[in-house]
Amino acid sequence: MTTTQKETAPRSLTRRTVLMAGLGGVLAAATVATTGPSALATTRLPMGPPATRVTEIGPGIVQYSLMSGVTAGGVTYVGSRNLEPAGIIALDHTTGRVAHSTSLAAGYSIQALALDEKRGILYAGVLQKATGPQPNLYRWRLSALDAPAEPIGRIGDRDVRDLAVAPDGTVFAVGGGSSGAPALWQFDPTSGAVTNLGVPAPTATLARAVAATDAFVYFGAGSSLGGGGSASRAALYAYDRVERTFADITPATMLGDPSMRELAIAGDRLLASTAGAADPTKLAEISLADHSVTALITSIGKTAKCFATIGDQVFCANETGIIAWTPSTGDLSQVDLGSLDLGEIWGLDAQGDDLVAVSGFGFVADIAASGALVATTDLGEAGAPASAQTCMGIAVGAGFAYVGGNGGIARHDLTAGTVQNLRIPGESKDGDVVDGVLYVGQYSGQGIWSYDPRSGAPIRQVAKVPEAQNRPLDTDWDATNGLLLVAAQDDTQGGGSIWTYDPATGASTVDVNPIDAVQLVRAVATVDGVAYLGGDNAQKTGARGTIVAWDPVARAELWRLETGAANGIAALETKGRYLFALTIKGALFVIDRPTRTIVHTSDQSAICPGFAALKEARGVVYGVSDTTLFRIHPRTFAVTVVVAGINGGWYSGPHLNVDEDGVIYTLRDRTLVSVDDHPQR
């Protein structure tokens, strides 16, 4: 598999430059249109300070990104991810083309798809940014695929993570994302009613698995997001549809795993899997007659999802490909896929004697049960609607800007105006360019990856981390010690870690819970060989907002400071003797590093309502929130808006980075922009 996909530039090389006057960011000149990257027009203000120039470079990352897939009758149905609007496509395997597509009225991603083949209906459930009256359940009739999918109601949980259709046509849904524990939900296609059947696992934070027969519904939950504290581990319940009661049927050996990951009905048995963290995941076969465990095995890798059966064999996806399991004999193996890299698999179904795998890299693969590749279909080439995606992180340097997405990083050549999508599994949450080389922290649990555009070598993993330390959040380059620093979160057990990587030697370290047992490390900033770590807490109660000065070489705490903030630290940056700390929801703290005291506080919630990022450039500290690009004066600590309404299209919190000249790069909506600002100091 090559590391680069074909050039993706559905835009012209035209860039828009907007000049904004002075410290207040007031619009001072009309939009200037240009026809190429070397023809950026310059409009000079007649008087006053140098202008702030905002230049649109192009969409951050353009691709067809997906999060679900099911196959039946020679057609694969695929649900989009982080695209607007969310939609479903139907890939016809006979023609190799996307024959039909539909858009949904709500949601940003579709993780849940379920087919009712008997009645010719595809059901879909969406992930949403906020709860509300909008529907999160949809129905697409297979007999009328030219007609749009229709909304059919909403479950009370914000996100729909999985759907199942019982033989009688009743639909069941699970998810999470609301303030309470996830419930089991029922949709009756006859009456159109959506009913809450109850919350069987009151300490669970997420439910990602459901399966149904006419007698029982099986509910799988746990805490693969927002874990730690009193959050539950794996929980599997059987809901009796007649008695309307729940029974806990979690296999004993699965109780210690973070969460149930997948459930499926296969004949007279229930197939179940867990999501692992430090320990490998488990696979179980459970009798539908009495709910006894008839086979159980420790699997290969940290996840097992998307069950498919061919004869006696059960196939499922893990993080490196496909597993084959024969419960009757206990045989378990990783299927040899040769050079085929499927990345994250979001759908796996049997089609005759073959398997159909839906890859997070944006293609569908037909694979023999032996692992031999039959064919692949690139969904973009087949007609899927590629568009600008919400983005993860950003890095810039040596003439390139890198924007992270799902399963890829867009590499923008800032001189030529061209874009290449580098294929990489997972999500690039943040990164830095050091001496022309890109380094990124890769979700989920994939450590640090590196790419040198001068070498011609593919992007590659250079440092592994414990799998539980799965979510990198922030990176910074320690020039004194020659180390890349990565702040991270443990989604399942709480807490977090600080990682280091030395490009000169290839050595890496991971220190778990450097702040305390509950605070993740959301932010890191470094100066003079000292790393400053900002703490947050995924739980609603408990310690947060702690700042720790850390020696990344000795791997030891130097000192700590309790901010007393109501919310955790969102971002950190240093300038001179000061450490600037911004909390989630905009409380600004300025710390005098030599005296280890807070010398300034202010409320910036009006321009920073949620997460934020900070970077020093041109002698000041710049910040970006979900809504605003701003700067902080290095001595007076006054905060000034640079670009109002920037409203970056970020998936997991805003980012910004700066090049060698101090030009800022971030997103405006889903467009990559550079901001050339000239602050008065």
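The values are calculated or read from the model by the stated rules, or taken from the named source; none is laboratory data. None of the values given here were measured: they were computed from a predicted structure. Virtual Cβ from ideal backbone geometry, glycine too; neighbours counted across all protein chains shown.
Looking only at residues of the stretch 219-244 that are at positive phi and not basic (Lys, Arg), we find that the one that is surrounded by the most Cβ atoms within 10 Å (Cβ to Cβ) is Gly222. Exactly one residue out of Ala457, Ala410 is hydrophobic (A, V, I, L, M, F, W, C) and either touching a Leu at 6+ places or on another chain (Cβ under 9 Å) or under 29 Å from Asp511 (Cβ atoms) (or both), and it is Ala410. Can you tell me which condition Ser103 does not meet? The list is (1) of a type in the set (Gly, Ala, Ser); (2) out of contact with any helix residue (DSSP H, G or I) (no Cβ under 8 Å at 6 or more places or on another chain); (3) under 28 Å from Ile265 (Cβ atoms), and all the others hold. Just one mismatch for Ser103, condition (3).
Name the single residue that is surrounded by the fewest Cβ atoms within 10 Å (Cβ to Cβ) among those in the stretch 264-299 being hydrophobic (A, V, I, L, M, F, W, C), in a loop (DSSP other than H, G, I, E, B) and at pLDDT below 95. So, considering only residues that are hydrophobic (A, V, I, L, M, F, W, C), in a loop (DSSP other than H, G, I, E, B) and at pLDDT below 95, the one surrounded by the fewest Cβ atoms within 10 Å (Cβ to Cβ) is Ala278. If you go through the stretch 308-324 one residue at a time, do you hit one that is among the acidic types (Asp, Glu) and under 25 Å from Ser359 (Cα atoms)? Yes, some residue in the stretch 308-324 is among the acidic types (Asp, Glu) and under 25 Å from Ser359 (Cα atoms). Checked against (1) more than 16 Å from Pro654 (Cβ to Cβ); (2) within 25 Å of the chain's Cα centre (by Cα); (3) of a type outside the set (Val, Ile, Thr), His600 passes all but condition (2).
Looking only at the stretch 465-508, filter to residues that are charged (D, E, K, R) and in a loop (DSSP other than H, G, I, E, B); which one of those is nearest to Gln519 (Cα to Cα)?
To start, the set of residues in the stretch 465-508 that are charged (D, E, K, R) comprises 467, 471, 474, 476, 478, 490-491, 502.
The next check asks that each one be in a loop (DSSP other than H, G, I, E, B); those that pass are 467, 490-491, 502.
Details: Glu467: 18, Asp490: 9, Asp491: 11, Asp502: 25 Å.
This residue is Asp490.
So that you can scan it fast, the table gives a plain yes or no per residue for (1) free of Cβ contacts under 8 Å to residues at least 12 places away in the same chain; (2) farther than 23 Å from Lys429 by Cα; (3) buried (at least 24 other Cβ atoms within 10 Å of the Cβ):
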residue	(1), (2), (3)
Thr492	no, no, yes
Ser508	no, no, no
Ile515	no, no, yes
Val524	no, no, yes
Val553	no, yes, no
Ala571	no, no, yes
Thr574	no, no, no
Phe580	no, no, no
Val599	no, yes, no
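Scanning the stretch 532-541 for residues that are closer than 23 Å to Gln493 by Cβ and at pLDDT 95 or above yields Leu533, Gly534, Gly535, Asp536, Asn537.
Residues in the stretch 165-179 that are under 30 Å from Gly267 (Cβ atoms) and under 24 Å from the mean Cα position of the chain (by Cα) were compared, and the one that is surrounded by the fewest Cβ atoms within 10 Å (Cβ to Cβ) is Gly176. Looking at Gly445, Gly496, Gly431, just one residue is modelled with pLDDT under 95 and buried (at least 22 other Cβ atoms within 10 Å of the Cβ), and that residue is Gly445.
Filtered by the rule that a residue be assigned to a strand (DSSP E or B), buried (at least 23 other Cβ atoms within 10 Å of the Cβ) and within 23 Å of the chain's Cα centre (by Cα), the stretch 319-347 gives Ile322, Ile345, Trp346, Gly347.
Would you point out which residue out of Pro182, Pro148, Pro202 is under 29 Å from the mean Cα position of the chain (by Cα), surrounded by fewer than 22 Cβ atoms within 10 Å (Cβ to Cβ), without any contact (Cβ under 8 Å) to a residue 40 or more places away in the chain and part of a loop (DSSP other than H, G, I, E, B)?
Numbers: Pro182 fails: surrounded by fewer than 22 Cβ atoms within 10 Å (Cβ to Cβ); Pro148 fails: without any contact (Cβ under 8 Å) to a residue 40 or more places away in the chain.
Sole residue among the options that is under 29 Å from the mean Cα position of the chain (by Cα), surrounded by fewer than 22 Cβ atoms within 10 Å (Cβ to Cβ), without any contact (Cβ under 8 Å) to a residue 40 or more places away in the chain and part of a loop (DSSP other than H, G, I, E, B): Pro202.
With the structure loaded, tell me whether Val624 is over 28 Å from the mean Cα position of the chain (by Cα), within 30 Å of Tyr108 (Cβ to Cβ), at pLDDT 95 or above and not small (Gly, Ala, Ser) or whether it fails that test. Considered against the rule, which asks whether it is over 28 Å from the mean Cα position of the chain (by Cα), within 30 Å of Tyr108 (Cβ to Cβ), at pLDDT 95 or above and not small (Gly, Ala, Ser), Val624 comes out as no. The single residue among Gly383, Gly399, Gly362, Gly343 that is on the phi > 0 side of the Ramachandran plot and free of Cβ contacts under 8 Å to residues at least 60 places away in the same chain turns out to be Gly399.
Looking only at residues that are in a strand (DSSP E or B) and hydrophobic (A, V, I, L, M, F, W, C) in the stretch 244-263, which one is farthest from Ala295 (Cα to Cα)? Please lay out each step first, then the result.
Narrowing the stretch 244-263 to residues in a strand (DSSP E or B): 245-248, 259-263.
Remaining after also requiring hydrophobic (A, V, I, L, M, F, W, C): 246-247, 260, 263.
On the way: Phe246: 23, Ala247: 20, Met260: 16, Leu263: 15 Å.
Among residues in the stretch 244-263 that are in a strand (DSSP E or B) and hydrophobic (A, V, I, L, M, F, W, C), the one farthest from Ala295 (Cα to Cα) is Phe246.
Checked against the criteria, Val396 counts as more than 17 Å from Ile323 (Cα to Cα), crowded, with 19+ Cβ neighbours inside 10 Å and modelled with pLDDT of 95 or more. State whether one or more residues within the stretch 587-598 are part of a strand (DSSP E or B), aromatic (Phe, Trp, Tyr) and at negative phi. Taking every residue of the stretch 587-598 in turn, at least one turns out to be part of a strand (DSSP E or B), aromatic (Phe, Trp, Tyr) and at negative phi.
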